[in-house]
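Below is one structure; the comments refer to it alone.
The values are calculated or read from the model by the stated rules, or taken from the named source; none is laboratory data. Keep in mind it's a predicted model, so treat the numbers as computed, not measured. Every residue, glycine as well, gets a Cβ built from its backbone with ideal geometry; the counts of neighbours run over all protein chains shown. With ligands, DNA and RNA removed, areas are computed over all heavy atoms of the protein, side chains included. Shrake-Rupley method; radii C 1.70, N 1.55, O 1.52, S 1.80 Å.
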Amino acid sequence: MESVYSICGMCTVRCPILAQTKNGRIAELRGNPHVPAMAGSLCARGAAGTALLNDKERPRTPLIREGARGEGRWRSVSWDEALDYVEKKLKAVMDQYGPKSVALSDRGGPFRDMHRALLRGIGSPNYCNHDASCARNVHHAHISVTGLGRKDVAYDFANARHVVLQMRNIFESIDVQEVNNLMGALDRGCRLSVIDIRSNVSSTKADDFFMLKPGTDYAFNLAVIHVLIGERLYDEDYVNRYIKDMDKLEGFAADYTPEWAAAETGIEAVRIRDFARQLAKSAPSVIWHPGWMTARYRHSFYVSRSIYIINALLGAIGTKGGLPLINTPGEVGRKGLRKFMDLYPAPEEKRADGVGWRYEHFDKGPGLTHLLYKAMETDDPYPVKAYIAYRHDPLMGFPEPDRLREIYNRLDLLVAVTFSWSDTAWHADVVLPLSTYLERESVVASKNALQPYFFVRNRALEPRYDTRADWEIVAGLARRLGLKELDYDNIESIRNYQLEGTGITLGDFAQSGMVHLADTPIYRDRNNLSFKTPSGKIEIISGLLDKSNIPSLLPYKPIPVPPEGMFRLTFGRCAVHTQGHTVNNELLFEQMPENTLWINSGVAEKMGISDGERVAVSQNGYTETIMAQVTEGIHPEAVFVVHGFGHRLPVESRARGMGLADNMFMKGGLDLWDPVGGAMAFQEHFVSVRKIAANEAL
Ligand SMILES: Nc1nc2c(c(=O)[nH]1)N[C@H]1C(S)=C(S)[C@@H](COP(=O)(O)OP(=O)(O)OC[C@H]3O[C@@H](n4cnc5c(=O)[nH]c(N)nc54)[C@H](O)[C@@H]3O)O[C@H]1N2
Ligand SMILES: Nc1nc2c(c(=O)[nH]1)N[C@H]1C(S)=C(S)[C@@H](COP(=O)(O)OP(=O)(O)OC[C@H]3O[C@@H](n4cnc5c(=O)[nH]c(N)nc54)[C@H](O)[C@@H]3O)O[C@H]1N2
Ligand code: SF4
Ligand SMILES: [Mo]
């Protein structure tokens with residue numbers, strides 16, 4: 001038996017794992033035993049990696065499109081032919097429109113240095129990631145309050161005394177270490193409060209569960225701020241030291257009483273008041289999670305802002321057991337990895353999505369993908385003609401896939417780099433098949449944390465099919481595009497390049513797959529914190545937003561409610577699938593082959609719909625059927641589905657035709673986004689639901 005320390009690839013959490021192999025097979029997969037919070041465990045998806053490995057229903061060789069886009073006629077080609085083809089097309093686009101007309105989007109994370117360097121090397125500023133459809137609002141909210149990014153603080157669940165999950169379903173939308181840490185804390189008496197529109201698994205473990213009217217979270221939070229200030233429950237020392245414009249917050253919150261919020265949210269005033277008092281009792285070891293998938297409403301940014309403000313009032317930001325500031329290698333006296341990105345100057349061209357010049361208040365990094373698509377659609381500010389979707393499936397993860405397909409049809413080149421089939425890969429001109437995570441190794445990655453570390457994904461098995469690792473694909477393209485600095489033929493040289501000057505060698509990873517840069521977790525001195533806002537303080541009135549004439553304290557305005565007979569379409573994750581890319585996994589498909597439509601039992605009864613019955617869901621002339629899940633555990637105004645289902649591809653025999661795709665019910669959704677928070681507003685869509693008549697064919 002051979003032991004290989006590696007990194008799970010079944011979702012973007014990327015848990016550290018230990019793969020045991022025997023005779024070219026995986027004998028066992030488990031959490032890396034050297035990482036205490038993993039406790040040797042994996043989630044169901046992590047454990048199902050073996051099925052991915054053996055799956056024939058994934059791209060197994062490079063493919064070049066033969067028929068029309070999306071028609072599904074492919075020519076299986078060699079890697080040389082595929083890469084030569086991409087080279088030729090890219091060069092033609094660059095010759096005609098300039099390097100800036102090449103765009104690449106990915107899924108973020110710690111392994112992107114080489115492909116981002118490739119894009120920069122050819123001179124394009126148009127790097128985007130998925131985040132406009134995920135956590136951009138949270139990120140921008142945190143920047144506006146503290147000057148820090150979303151990931152510049154940790155959630156110190158292990159030491160927390162009260163955890164609040166609002167629009168965050170930690171026990172189903174999983175990060176194994178977070179789950180284990182929170183479970184441990186709950187065992188030691190930590191309080192858990194859940195604010196959701198339905199009774200998810202997290203709510204079943206909660207001391208307090210608030211099932212509020214969808215889209216009224218902001219009212220709830222303003223009332224909590226009202227009570228914390230009105231009853232002087234906040235951390236006075238901390239507030240005096242760090243918070244700027246506290247008087248403005250006090251004035252703003254004055255009218256937002258719990259009684260007022262009760263009418264908006266449906267949660268009794270006495271419960272809101274009691275909840276605020278409970279929070280103060282556990283302060284500052286409190287985590288009110290600012291949300292993760294918050295691309296839901298056009299004011300979700302302000303919901304996240306209010307959460308960060310509450311955390312600050314409770315003294316939790318920068319505090320053990322709350323949201324302590326994490327450390328970069330530099331902050332613990334070590335040198336960070338050498339970056340391939342730094343080999344090339346940042347392109348001077350303006351970004352096609354307008355971030356950084358049309359929209360100055362956004363963090364430039366990954367831009368905003370939906371605005372990149374707008375540029376593709378309109379040629380404004382300039383044509384974008386080649387697009388590499390690098391581990392990204394926007395046709396599943398963005399609204400209006402049919403319109404998006406039309407937009408992609410304006411491209412001269414669409415390339416998908418992926419290990420599974422996806423709607424986007426199916427619509428591409430070229431599919432470059434990535435080896436599964438068990439069959440490939442990565443560049444060295446760096447994680448900023450209380451105890452920062454470097455880590456690597458190692459190859460546990462040789463690829464079964466004609467697939468390649470990321471670095472092999474990027475090097476192959478770099479070679480053809482004349483970027484010799486990225487042209488490597490072995491991973492050791494890449495890793496040695498990255499590690500140069502850090503005092504760490506490749507051999508140091510042998511023992512556990514990771515190397516810590518500090519001996520223990522390091523918490524900053526809570527009495528000596530510094531924030532990265534223009535004022536250096538926690539800003540109630542944000543200097544950054546002010547500069548763009550954007551209000552920092554948005555008065556509450558109710559969002560439109562669904563008209564009679566319609567429902568707000570809400571969505572989320574389940575524990576056994578990752579987005580859209582595991583439905584066809586043999587083991588996970590068995591666990592959950594299709595999604596269901598959660599519908600409130602009182603409403604269902606009136607409509608004569610019973611549990612398990614197939615119903616029709618419609619919007620703007622589009623109809624799909626799905627099995628009803630009748631439950632009292634969802635607010636009557638909403639219906640809910642797990643995202644990622646409704647696959648149509650003939651190459652996915654299991655997933656095909658099972659369940660419903662939520663993004664098909666978001667007409668006009670590509671234009672629905674928040675110009676302040678930057679993210680999309682996926683939950684501002686209504687659908688109608690009806691019983692299917694006995695003689696009706698659907
Ligand atoms: N198993 C699994 N785990 C995952 C993923 C996965 O695909 N599968 N994906 C990962 C990724 S990319 C992300 S972004 C995270 C997402 O992590 P989360 O954001 O925690 O996950 P979701 O399930 O999308 O949504 C959380 C909750 O928001 C609720 N909700 C919907 N509308 C409202 C509302 O108006 N108000 C309130 N208060 N609640 C509302 C939903 O009912 C749901 O319970 O999960 C990560 N972990
Ligand atoms: N309607 C609706 N839309 C949503 C959501 C929702 O709940 N409802 N959720 C949103 C959220 S939170 C997110 S994060 C996005 C997710 O959107 P995506 O990031 O597009 O989703 P994934 O399915 O995780 O990954 C996309 C593709 O990358 C491939 N892939 C996976 N791992 C790797 C890898 O390591 N390398 C490479 N090259 N390819 C890989 C997968 O096989 C898959 O085809 O969608 C968002 N869109
Ligand atoms: S949360 Fe599960 S699927 Fe995601 S990386 Fe960890 S073990 Fe793998
Ligand atoms: Mo996400």
Taking region 116-126, which residues are within 21 Å of the chain's Cα centre (by Cα) and open to solvent by less than 10 Å² (accessible area, probe 1.4 Å)? ASN126
Candidates ALA389, ALA416, ALA352 - the one that is open to solvent by less than 30 Å² (accessible area, probe 1.4 Å), small (Gly, Ala, Ser) and in contact with a Lys or Arg (Cβ under 8 Å, 6 or more places away or on another chain): ALA352
Go through region 323-338 and give me each residue that's touching a helix residue (DSSP H, G or I) at 6+ places or on another chain (Cβ under 7 Å) and in a loop (DSSP other than H, G, I, E, B). ILE326, GLY336, LEU337, ARG338
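Out of GLY507, GLY513, report the one residue that is of a type in the set (Gly, Ala, Ser) and open to solvent by less than 10 Å² (accessible area, probe 1.4 Å).
From the options GLY507, GLY513, the qualifying one is GLY513.
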Selection from region 609-629 of residues that are open to solvent by 40 Å² or more (accessible area, probe 1.4 Å) and touching a strand residue (DSSP E or B) at 6+ places or on another chain (Cβ under 7 Å): SER610, ASP611, GLY612, ARG614, THR623, GLU624, MET627, GLN629
From the options ASN126, ASN169, ASN159, residue that is closer than 28 Å to MET666 by Cα and more than 16 Å from ligand 1 (Cβ to nearest atom): ASN126
Could you give every pair whose Cβ atoms fall below 6 Å, whose first residue belongs to region 438-466 and is farther than 24 Å from ARG524 by Cα and touching a residue at least 60 places away in the same chain (Cβ under 8 Å), and whose second residue is open to solvent by 20 Å² or more (accessible area, probe 1.4 Å) and β-branched (Val, Ile, Thr), counting only separations of at least 6 or pairs across chains? ASP466/THR61
Filtering region 227-237 down to residues that are in contact with a Pro (Cβ under 7 Å, 6 or more places away or on another chain) and closer than 24 Å to GLY266 by Cα yields VAL227
For region 365-386, the count of residues that are touching a Gly at 6+ places or on another chain (Cβ under 8 Å) and open to solvent by 30 Å² or more (accessible area, probe 1.4 Å) equals 1
Name the one entry in LEU313, LEU325 that is modelled with pLDDT of 95 or more, touching a Lys or Arg at 6+ places or on another chain (Cβ under 9 Å) and hydrophobic (A, V, I, L, M, F, W, C). LEU325
With the structure loaded, tell me whether SER105 is touching a His at 6+ places or on another chain (Cβ under 7 Å) and in contact (Cβ under 8 Å) with a residue 12 or more places away in the chain or whether it fails that test. yes
Testing ASN549 on (1) in a strand (DSSP E or B); (2) surrounded by fewer than 17 Cβ atoms within 10 Å (Cβ to Cβ), one condition comes back false. Which one is that? (1)
Quick one: which residue in ASP363, ASP379 is out of contact with any Asp or Glu (no Cβ under 9 Å at 6 or more places or on another chain), closer than 27 Å to PHE111 by Cα, outside the structural domain of HIS643 (by TED's automatic domain parsing) and more than 16 Å from ligand 4 (Cβ to nearest atom)? ASP363
Test MET664 against the stated conditions and say whether it is farther than 24 Å from GLU586 by Cα and either free of Cβ contacts under 8 Å to residues at least 24 places away in the same chain or crowded, with 21+ Cβ neighbours inside 10 Å (or both). no
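Considering only residues of region 104-115 that are open to solvent by less than 20 Å² (accessible area, probe 1.4 Å) and under 20 Å from PHE398 (Cβ atoms), which is nearest to ligand 1 (Cβ to nearest atom)? Before you say what the answer is, go through the steps one by one.
Step one: list which residues in region 104-115 are open to solvent by less than 20 Å² (accessible area, probe 1.4 Å), which gives 104-106, 108, 114-115.
In the following step, the residues that additionally are under 20 Å from PHE398 (Cβ atoms) were identified as 104-106, 108.
Details: LEU104: 19, SER105: 15, ASP106: 13, GLY108: 9 Å.
In this case the residue turns out to be GLY108.
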How about region 134-156: which of its residues are within 16 Å of ligand 1 (Cβ to nearest atom) and out of contact with any Ser or Thr (no Cβ under 7 Å at 6 or more places or on another chain)? CYS134, ARG136, HIS139, HIS140, HIS142, GLY149, ARG150, LYS151, TYR155
Select from region 353-389 the residues that are under 13 Å from ALA103 (Cβ atoms) and small (Gly, Ala, Ser) and list them in ascending order. GLY367, ALA375, ALA386, ALA389
Among the residues of region 578-593, are any away from ligand 2 (no atom under 16 Å from the Cβ) and at pLDDT below 95? no
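Applying the selection to region 554-578, what residues are away from ligand 3 (no atom under 16 Å from the Cβ) and assigned to a loop (DSSP other than H, G, I, E, B)?
Within region 554-578, LEU554, PRO555, TYR556, LYS557, PRO558, ILE559, PRO560, VAL561, PRO562, PRO563, GLU564, GLY565 qualify.
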Looking only at region 1-49, and only at residues there that are of a type in the set (Ser, Thr, Tyr) and within 16 Å of ligand 2 (Cβ to nearest atom), the one that is modelled with the highest pLDDT: SER6
Consider VAL4 carefully, then state whether it is within 11 Å of ligand 3 (Cβ to nearest atom), in contact (Cβ under 8 Å) with a residue 24 or more places away in the chain and outside the structural domain of THR578 (by TED's automatic domain parsing). no
Tell me whether region 90-103 contains one or more residues that are open to solvent by less than 10 Å² (accessible area, probe 1.4 Å), outside any helix (DSSP H, G or I) and in contact with a Leu (Cβ under 8 Å, 6 or more places away or on another chain). yes
Of all strands (runs of 3 or more DSSP E) fully inside region 594-698, the set with 1 or more residues that are among the basic types (Lys, Arg) is 614-619, 686-691
